[in-house]
Structure formats: C-alpha cells, structure tokens
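Novice: Input: one structure, supplied below.
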Amino acid sequence: MAEVIDIETSGPGLYEFTGRLASFAKGDGVLTVFVRHTSCSLLIQENADPEVQSDLLAFFNRLVPPSDDPSMSYLTHTYEGPDDMPAHIKAAMLPVSLSIPVTGGRLMLGTWQGVYLFEHRRRPHTRQVAVAMIQAV
Amino acid sequence: MAEVIDIETSGPGLYEFTGRLASFAKGDGVLTVFVRHTSCSLLIQENADPEVQSDLLAFFNRLVPPSDDPSMSYLTHTYEGPDDMPAHIKAAMLPVSLSIPVTGGRLMLGTWQGVYLFEHRRRPHTRQVAVAMIQAV
Amino acid sequence: MAEVIDIETSGPGLYEFTGRLASFAKGDGVLTVFVRHTSCSLLIQENADPEVQSDLLAFFNRLVPPSDDPSMSYLTHTYEGPDDMPAHIKAAMLPVSLSIPVTGGRLMLGTWQGVYLFEHRRRPHTRQVAVAMIQAV
C-alpha cells in the first residue's frame, strides 16, 4: 500500500529525502514517488556540490521571476503573493512523479543522484509525498 | 491490460480528464498515464482557479513563441505551420507520462490536483492517452 | 529484475534507443526507463523528421546557454567547463524517468514517438539507463 511522508520546508530550495526512500525499496520492481501539490516539485539532481543547487534555484528564478517583476505583468493569478503563480509554473516544468527501478531491495540511483523536494513557495509548508513500491512477479 | 482513452481538443489549452481516470484505479498500486503524441502533453495542475490555466498558457507561449515570431527565426521544422515546432518543444518540456499512486481504489491526488491534457496545436485533434493500472501484490 | 543498458554518446544530441527497449516489453503492464545521471535526460520525441531534433537542441541551447555566455555569469558551478552547469539545468527540466504502458508484449508508443537519450555534455560518455518491466497480475 502506498504511504505518505511529510517533508517540512522553509522557503524556496531543494530538500533532500533520498535516505527516507530506502526503507520503501523491496525486492525487484519500481518505486513510485509522487508529490501531492501544485506549487512544489520533485527533482533528482546532483548530491555532491551545493553550488549545483543554488545555481538551479537562480536559473529557475530568472526563467520564472516573481509576478511583481515588470516582465511578468501579464500574470493574473497573483492574490496569494508574487511567488504564487511562478510556483505553479515551476511545478508544471519540473517532475510531479518519479519512477525509480529497484533491484535486490536497493534503489538503482546513480552515484551522484539524490532525490529532492523542490519547494517553490516562500512561506513554510508541510509537503506530502506519496510513495508506492510495486514488486515484479 | 492498458486501455486507450480519446480526448478531443480544439486548440491550445488544458483539458481536464481527472474524472475519467477514477474507474481505472483499483486496489493498491500505481496508475500510469501516457500520452501517445509528440505535440501535446500531460499535466497535473491546480483545478480551482481558471486563471492558473490561462497564466500557464501565457507563460509557455512567451517562453516558446510561434515560429513566425522573429525571435524563433532559427527554427527549421516549420512546414506544418508556426505552431508545429513550438508544440514539439513544449511536449519535450512537459510530461509525457505520469505515475499516480492508488490506495484503496482511489487516486492519491492532492486536494487541488487535476489531471489535464495540455494541447499545444491550434487545429482540433483527437488525442490518445494510454492508462495502465498495476496493483501491488 | 531491472537491467542496465549502456548508451555511448559523443556530444550533445538525441540518441535513439527505442529498438533496444522492445525485448524488455512482456505481456501487459508498464515499462519503466530511468537514466542514472544528472547531466543527460530521457526524451520521447518525433522520430520522423531530423529537423525536429536539431531544432530542439537549438532551443534548449538558447534557453540554457553555456556558462561562459555573458547572460549566465551568475552561475558558480563552472569548474568542469562551460557545459557543466547548463547540463544539470537541462537535466532538471527534462525527464529522468519514463513510464510506458505495454499491451500484448508491445510498447504502446504512438506512431511518431521514439525514445531518446538526450546528451547535454560535450565529451563522450557511456550512459547507463535502467529498464524495469512490471507486469499486471
């Protein structure tokens, strides 16, 4: 049965939870990870150099600036704040679900791959991620 | 066995089909949704405020303008019209498959999450979406 | 059990491997494809006109230019070369996993859909792709 794990966030950024997925990986099959929100994302990215994470944040903030930036004046869904609609746009561009093969009870992640919750909103949130392990028969 | 559902589209926009997925969700496991085209996408997004949908469309049309826009003059695959190659680019950036956990016969979507076909072409199309339910054993 | 296939790349571009997936598709279920790297991607795209592929490359190179381009001077993770951080950004924007329904031992790809490894780095690489078939019961 799928389970839900909570991830606490305190502003935009990447929150790693690779370690919390290990206990769900069983036998041979596929682990599905799914985020139950439309203003944050999942992301598999390099887990070694923290500069990769700050550069990723910088890139996406330039690609999708806050709605009080003059370049975004065409946006209409703004009443929850300038980070509201950009969060939906980023959530559209980045993964809502991940499917990770499992062999012998281990996630088949590459050496440098970590699994992250990518928070796009400024206020603190408790984010729910559903995790389901399907074993091959 | 996977089944195919048809979704009729009449120009660029988000076409919700969350309700049509409910009958595929059975027991505990994962529902896979897959779009069989390269010029439209799947998307999970907010189902409450229609402004989110029009803002998403506006953002992606600015990020990937039609090929008759001067900024896109480098594109070469243009013989099917100015919305042809931009549709392929949007289809590359947005999901072709979604994996949604199912518990007790219910999709584990968040409260505000709807499942959409995101049409990128101007002409009407009948789009095929393959749906496969895999139950955990 | 999931298996790993190697894909040799020699610079940025789309490397099709649709044909190598056919032997993994069995019965009815879902084939999961997962790339074990953070500087290349998976992509399902049109397999007919090669101009689509060169246009896709051109678009993403303009959206995410090399870090020695003046517009990217804010990037800090640059010591592996000007194609390093842009590769991570593209890998964040494009799929790391694909879930493809299978019916009667055949992938349910659309007529024009091919499965590609999208290489973002300039130097040659051997890329590992994990493939797992889960049959419905």
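Novice: Does the stretch B:4-15 contain any residue that is open to solvent by 50 Å² or more (accessible area, probe 1.4 Å), touching a residue at least 40 places away in the same chain (Cβ under 8 Å), of a type in the set (Ser, Thr, Tyr) and farther than 23 Å from residue A:132 by Cα?
Specialist: Yes, that holds for at least one residue.
Novice: How many residues does the stretch B:36-75 hold that are without any contact (Cβ under 8 Å) to a residue 24 or more places away in the chain, among the polar types (S, T, N, Q) and over 20 Å from residue C:64 (Cα atoms)?
Specialist: Final tally of qualifying residues: 1.
Novice: Please specify each residue of the stretch A:76-89 satisfying the condition of being in contact with a helix residue (DSSP H, G or I) (Cβ under 8 Å, 6 or more places away or on another chain) and touching a residue at least 24 places away in the same chain (Cβ under 8 Å).
Specialist: A:86, A:88, A:89, listed by residue number.
Novice: Within the stretch A:47-83, which residues are within 9 Å of another protein chain (Cβ to nearest Cβ) and either on the phi > 0 side of the Ramachandran plot or among the charged types (D, E, K, R) (or both)?
Specialist: Correct list: A:49, A:51, A:55, A:62.
Novice: Considering only residues that are crowded, with 23+ Cβ neighbours inside 10 Å, facing another protein chain (nearest Cβ under 7 Å) and under 13 Å from residue A:46 (Cβ atoms), which ones fall in the stretch C:28-45?
Specialist: C:37, C:38
Novice: Can you find a residue in the stretch A:52-73 that is open to solvent by less than 20 Å² (accessible area, probe 1.4 Å), among the charged types (D, E, K, R) and more than 24 Å from residue B:109 (Cβ to Cβ)?
Specialist: For the stretch A:52-73, residues open to solvent by less than 20 Å² (accessible area, probe 1.4 Å), among the charged types (D, E, K, R) and more than 24 Å from residue B:109 (Cβ to Cβ): present.
Novice: Here is a further query. When residues of the stretch B:115-134 are filtered for being more than 30 Å from residue A:135 (Cα to Cα) and not β-branched (Val, Ile, Thr), how many remain?
Specialist: 9
Novice: Please work out which one of (1) at negative phi; (2) facing another protein chain (nearest Cβ under 9 Å); (3) in contact (Cβ under 8 Å) with a residue 12 or more places away in the chain is the condition residue A:21 fails and give its number.
Specialist: (2)
Novice: Test of understanding: among C:98, C:43, which residue is in contact with a Phe, Trp or Tyr (Cβ under 6 Å, 6 or more places away or on another chain) and at pLDDT 95 or above?
Specialist: Going through C:98, C:43 in turn, the sole match is C:43.
Novice: Shifting gears a bit: Search the stretch C:97-112 for residues being in contact (Cβ under 8 Å) with a residue 40 or more places away in the chain, open to solvent by less than 40 Å² (accessible area, probe 1.4 Å) and outside any strand (DSSP E or B), and hand back the single one that is farthest from the other protein chains (Cβ to nearest Cβ).
Specialist: Among those that are in contact (Cβ under 8 Å) with a residue 40 or more places away in the chain, open to solvent by less than 40 Å² (accessible area, probe 1.4 Å) and outside any strand (DSSP E or B), it is C:105.
Novice: I want to confirm something. Restricting to the stretch B:113-137 and keeping residues that are at pLDDT 95 or above and outside any strand (DSSP E or B), which single residue is farthest from the other protein chains (Cβ to nearest Cβ)?
Specialist: By that ranking, first place goes to B:122.
The values are calculated or read from the model by the stated rules, or taken from the named source; none is laboratory data. Small disclaimer: the values here were computed from a predicted structure and weren't measured. A quick note on method: Cβ atoms are made from the backbone with ideal geometry, for glycine too, and the neighbour counts reach across all protein chains shown. Ligands, DNA and RNA are stripped out before the accessible areas are found, and what is left, the full protein with its side chains, is counted by its heavy atoms. Shrake-Rupley method; radii C 1.70, N 1.55, O 1.52, S 1.80 Å.
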